[in-house]
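Structure first, commentary second.
The values are calculated or read from the model by the stated rules, or taken from the named source; none is laboratory data. Given the structure is predicted, the values throughout are model-derived calculations rather than measurements. Positions of Cβ are generated from backbone atoms using ideal geometry, with glycine treated the same way; all protein chains shown enter the neighbour counts. With ligands, DNA and RNA removed, areas are computed over all heavy atoms of the protein, side chains included. Shrake-Rupley method; radii C 1.70, N 1.55, O 1.52, S 1.80 Å.
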2 protein chains.
Amino acid sequence: MNPRSLALPLLALALAGSSLRAEEGMWTFDNLPTKKIQAGYGWAPDQAWLDHVRLSSLRFPGGSGSFVSKDGLVLTNHHVGRGWIQRVSSKEADYVQNGFAAATREQEIKVPGLELMTLMAMENITDRLAKAVKAGTPEKLALKQRETEIEKIKKEMQEKSGLTCEHVTLYQGGEHWIYSYKKHTDVRLVFAPEQQIAFFGGDPDNFTFPRHNLDFSLFRVYENGKPYQPKDFLHWTQTGLKAGDLTFVTGHPGRTNRQDTVAQMEFSADFAIPMRLKAYERRKAAMVEYAKTSPEAARQVNTQIFGIENGIKATTGYWAGLKDKDAMARIRAAEKDLRAKVAKDAKLTAEAGQSWAKIEAATKVAKDLAKDALNVGTANSTLLGYALGLVRIADEEALPSEKRLPEYSDANLKTAKARMGVPAPFYKEQEVFMFTKGLEEAAKELGPQHKFVKAMLGGKSPAEVAKAAVDGSKLNDPELRKKQEDQVASVITEHGTRIAKARFAVYGKNTYPDATFTLRLSYGAVAEYKANGTLIQPFTTFGGLFDRYDGWGGNAAKAHNGAWTLPQRWVDKRGALDASLPFNFAHKVDIIGGNSGSPVIDKKGELVGLIFDGNIESLPGNYFYDEAVNRGVSVDARAITHALDKVYGATALVAELTGK
Amino acid sequence: MNPRSLALPLLALALAGSSLRAEEGMWTFDNLPTKKIQAGYGWAPDQAWLDHVRLSSLRFPGGSGSFVSKDGLVLTNHHVGRGWIQRVSSKEADYVQNGFAAATREQEIKVPGLELMTLMAMENITDRLAKAVKAGTPEKLALKQRETEIEKIKKEMQEKSGLTCEHVTLYQGGEHWIYSYKKHTDVRLVFAPEQQIAFFGGDPDNFTFPRHNLDFSLFRVYENGKPYQPKDFLHWTQTGLKAGDLTFVTGHPGRTNRQDTVAQMEFSADFAIPMRLKAYERRKAAMVEYAKTSPEAARQVNTQIFGIENGIKATTGYWAGLKDKDAMARIRAAEKDLRAKVAKDAKLTAEAGQSWAKIEAATKVAKDLAKDALNVGTANSTLLGYALGLVRIADEEALPSEKRLPEYSDANLKTAKARMGVPAPFYKEQEVFMFTKGLEEAAKELGPQHKFVKAMLGGKSPAEVAKAAVDGSKLNDPELRKKQEDQVASVITEHGTRIAKARFAVYGKNTYPDATFTLRLSYGAVAEYKANGTLIQPFTTFGGLFDRYDGWGGNAAKAHNGAWTLPQRWVDKRGALDASLPFNFAHKVDIIGGNSGSPVIDKKGELVGLIFDGNIESLPGNYFYDEAVNRGVSVDARAITHALDKVYGATALVAELTGK
């Protein structure tokens, strides 16, 4: 952190700010583009509004949520809650498939391990941290002094407030904060619809719009055995939204690659992504081949093939962003602008002047190592991947949080561990088959003299080795991993950070920091967009849900593994539903994975919807935001209460949510 | 025509046939790929079935239709009938906007000028024509002798049958036929829904699917003042279709460019289409600028701007085809195969060996002339385009039909003339504005010394010239047109024909001839396809119609010029409609402009639907057929009778159609 960077001329800030796209930004609560919101929508939040929605928002493991009643009801997505619903299910009571509704508070089921967090306070400790290190202190010592100071501050604050304090690095070190959370550890399952209506349209519709997913679940926070009464919670809308209405989203975007250098993006576009797609296709082809071996084999891999196709869909979406000429031209221009500004400043040049070239060189090394990385290792086997994952968790846990891979940070480690505790079913024959395929491919791609191939095969056939490996061994190639770490990962981390610091020095807080799975606010209007040769309507309806159901031939046809089938109760209650009522909607909000379960809030601060996905055009959001076509996709609040009322007869819940 | 060509080895035919895509083909009724249909669908039509559907089919000016009752009811699209409905409308009774329903047969309105044709018989005169010319006759004399023979045959047959006989050239001269039509000249309007439900979704939804257009109208043929009772008519389905069902389409595809050489396609892809898109954008920009001059100006050009956007959409769709690498690779391979076969045959080499090179050279000339062609002439002015159109009709009418441009052939001339008789409204100020813009652009692009610019401006300003021109003058550049004719059009016609004849010599009738606006049959299943990141359902429903209506905010919001609004009667009758009933559907049939109004027929020979469009992915069909995504889009027969019954209370019509 370079404190000098905070004192740059205002002009540079203003110029930089103007280059942001209209609704772009995952803003921290201390730094909202209020003027821009005001200019665009004739209204902007004040401090009371912001405090209210922040204190109503919740962090889930890997997702987001919000308080929606005075008695501590919590709203999130079904797919955020799914793992936890699974956890409290049994073979006899499959709440994921059949749904769950607590008829009384006594029936609400405590979910072991589930912890929710409210962000109670944020304190900027950048200056204090800077003062903790005397000028001229050697970097290694300075690092240690800063770490000691952070721990000291955390401890102080934790003792004072009784809250859970976390150190948050924004702008890659441009700012340091302590975020203080109230942690809720008694969380109970209240309501979940059937998976089939929550995920209507299944894998084919995933990442798309128009959409018809009732992707919500309800939990309740308890304290001392009684429903918790939060000071702040979101009141349920009495009016709902219409096209053009301004919406806000509070939640925890996990990670973006928007600060990648052009060289990194080109590496991704020209090499890494095509390679990943090739790996997907290879894995899919092997599974399709395995599926042909027996009906049971087909049954085992059916869902996995769909999963791979979704991976292909998502990756192709990211790729589309990198192939968008206009967007890439903007990104190139922005990089050019930053490099020119760095070049004009001797101190910045000393720090980051070489960093773009260093990163570019690292991508070249990555390219050389990639073939190995693709072929050495788990070779498509779930079981081996799982085993290596456990090893990885142990390795990562030994490191301080900031040194770990992002998916093993403090915020994510618990989820990662929890996930490992519930492994997907695996089938030994499938593992052997997949691993054999992987070894055969590796032998073909790398040649028989390659170290990995020799070590793995050791004169045996791929099938023999695979069987032995699946039967118990543990695989890895420490040398390759070390090379990757030394020559690629560490270079990119080091110089990525230098560039980010330079960017913060030049542009300051006129922009938003990279996603860090901490609370952010995005905003924008309910809006149509162009796709599929026409304009896409901003709202879908209950009528549209049944149009999909009917258009695919209903439960009788069971097209595409029943992707567009409905729980019988929905078919039975169809006549009681209001076909014209909104079901899902699309809006211009800058979100990404981790925002799942985020409340959608209107100007009044009321709950009007629930983020659960983005459209296919939002996938390039990993690299840049394009307000012309990037849309968040949400469940309309009205759909939730209407379904609770008419399909599930959950009148007490509706009354609690709406106050009626 | 080279009779020798009919005697090629069977092997070549078999190989060529196998390269056709699954459901590809606009087949003539004498030459159906029966084995392929049988192999693909386990059923194929027999002669009685074919005769029945042929005799039930009708040719409309510029479109298609069919007999659907024993009392001569005729079904076609609303958009095929629209010009005629307009013709019998008045300011007081706008049947296009408000719809029309004859309560009794007496109320059915005679449509002046509307003639429908039934194809009663087809006779192959290829051999007879060949015999009419002695071997060794000089080509010019031979041409004359053939023409005389054709006229003689037509006269003979016309006298014998009392039918209207037309000479049809298939496979660019590979075959000659006489098609004999029964002409129906007393045609009356029976029913038309409101334009807004016939064209629901308007210009935005045009060329797309999922779709919700009730795009039908009903006429009745009379003879001697009484309803005509056709021997053959299509019985209305009692069961309807489901996904996977085989459908047939009979109709009159107008024109395809599938036989273009690779050089022509590359010229289109790299030059002609980008140029056309640029012209569209220029025209749109000028209109947008004009629209800013006053609210009245905006009103005038609003629809025209939408029209241009649709032109851009269609052209971009064709372009997408030419940019499809897999498809272009297939086209290149097919051309390579044909050229290799031509090279192995001395006679074919003599006739067509140079033709690919000649066409390629002509496209180079076209490129040189194109800048002039774009800038010289009507310069965006509707009025001048109209004036020049009248001149063109006179020029073309003087030529024998086969020498005319396709849109002025015998089949199309009447429509072309009829259309000119009903000019769109034009506004002098707009004309002057658009023409001024065109002249300014031309002066900029061509430079002040260019002959056209000098001649047009002659020292005056573009505005002065435009005003004078719109006030009365007539513009053209005979020299440019002559150059284009001599060096481009005639070369492409001549050598295109030579290649086509060589193709027929090599592959014979194992493929289908280019579209010629004569009766053809296409076939294929009701089927989903991949688009917009997911799978698109094969059927839409009445519920889906209202989902669009609601999703866009209904008649109150009137989004996008009311594209998704509904006639009030539809809103009022909503409760009486079956939401789950199919409305439109998508199927794998190879169709193109001219097929509008074609009946969709099932295996039983019953009417199950009505072609009205293709999806956006069907636009490359101009160049090739891609069964993976190319879909015809049809009104479901059940939607027509359900709407007639429940919305319009037209119970007598429903009874006549369904026999109930």
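At-a-glance table
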| read-out | value |
| --- | --- |
| Residue list for region B:519-568, filter: acidic (Asp, Glu) and farther than 28 Å from B:Asn302 by Cβ | B:Glu528 |
| Filtered residues of region B:327-359 (kept if outside any helix (DSSP H, G or I) and closer than 17 Å to B:Ala500 by Cβ) | B:Asp345, B:Gly353, B:Gln354 |
| Unmet criterion (only one of (1) touching a residue at least 40 places away in the same chain (Cβ under 8 Å); (2) assigned to a helix (DSSP H, G or I); (3) not aliphatic (A, V, I, L, M)) for A:Pro513 | (2) |
| B:Gly162 small (Gly, Ala, Ser) and more than 14 Å from chain A (Cβ to nearest Cβ) | yes |
| So B:Phe199, is it over 14 Å from B:Ser634 (Cβ atoms) and surrounded by fewer than 23 Cβ atoms within 10 Å (Cβ to Cβ) | yes |
| Residue that is surrounded by the fewest Cβ atoms within 10 Å (Cβ to Cβ) [pool: residues in region A:148-179 that are at pLDDT below 95 and small (Gly, Ala, Ser)] | A:Gly173 |
| Conditions (1) modelled with pLDDT of 75 or more; (2) in the same structural domain as B:Ala357 (by TED's automatic domain parsing); number of the one not met by B:Ala500 | (2) |
| Failed item, numbered, when B:Trp84 is tested on (1) under 30 Å from B:Gly496 (Cα atoms); (2) surrounded by 20 or more Cβ atoms within 10 Å (Cβ to Cβ) | (1) |
| Scope region A:200-242; condition within 20 Å of A:Gln97 (Cα to Cα) and more than 13 Å from chain B (Cβ to nearest Cβ); matching residues | A:Leu214, A:Asp215, A:Phe216, A:Ser217, A:Leu218, A:Phe219 |
| Within region B:246-272, tally of residues that are open to solvent by less than 10 Å² (accessible area, probe 1.4 Å) and within 14 Å of B:Arg332 (Cα to Cα) | 2 |
| Condition broken by A:Tyr280, with the remaining ones in (1) in contact (Cβ under 8 Å) with a residue 40 or more places away in the chain; (2) more than 14 Å from chain B (Cβ to nearest Cβ); (3) within 23 Å of the chain's Cα centre (by Cα) satisfied | (1) |
| Members of region A:519-546 found to be more than 8 Å from every other protein chain (Cβ to nearest Cβ), crowded, with 23+ Cβ neighbours inside 10 Å and of a type outside the set (A, V, I, L, M), listed by number | A:Arg520, A:Ser522, A:Tyr523, A:Gly524, A:Phe542 |
| Scan of region A:166-183 for residues that are out of contact with any Asp or Glu (no Cβ under 8 Å at 6 or more places or on another chain) and within 13 Å of A:Arg59 (Cα to Cα), ordered by number | A:Lys182 |
| B:Asn630 vs. criteria open to solvent by less than 20 Å² (accessible area, probe 1.4 Å) and under 18 Å from A:Asp550 (Cβ atoms) | no |
| Residue ranges of helices (runs of 4 or more DSSP H) in region A:555-660 with at least 2 members away from chain B (no Cβ under 14 Å) and at pLDDT 95 or above | A:568-573, A:637-646, A:651-658 |
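Residues checked against (1) open to solvent by 20 Å² or more (accessible area, probe 1.4 Å); (2) without any contact (Cβ under 8 Å) to a residue 12 or more places away in the chain; (3) not polar (S, T, N, Q):
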{"site": "B:Ile37", "(1), (2), (3)": "no, no, yes"}
{"site": "B:Leu50", "(1), (2), (3)": "no, no, yes"}
{"site": "B:Ser57", "(1), (2), (3)": "no, no, no"}
{"site": "B:Ser69", "(1), (2), (3)": "no, no, no"}
{"site": "B:Thr76", "(1), (2), (3)": "no, no, no"}
{"site": "B:Ser89", "(1), (2), (3)": "yes, yes, no"}
{"site": "B:Val96", "(1), (2), (3)": "no, no, yes"}
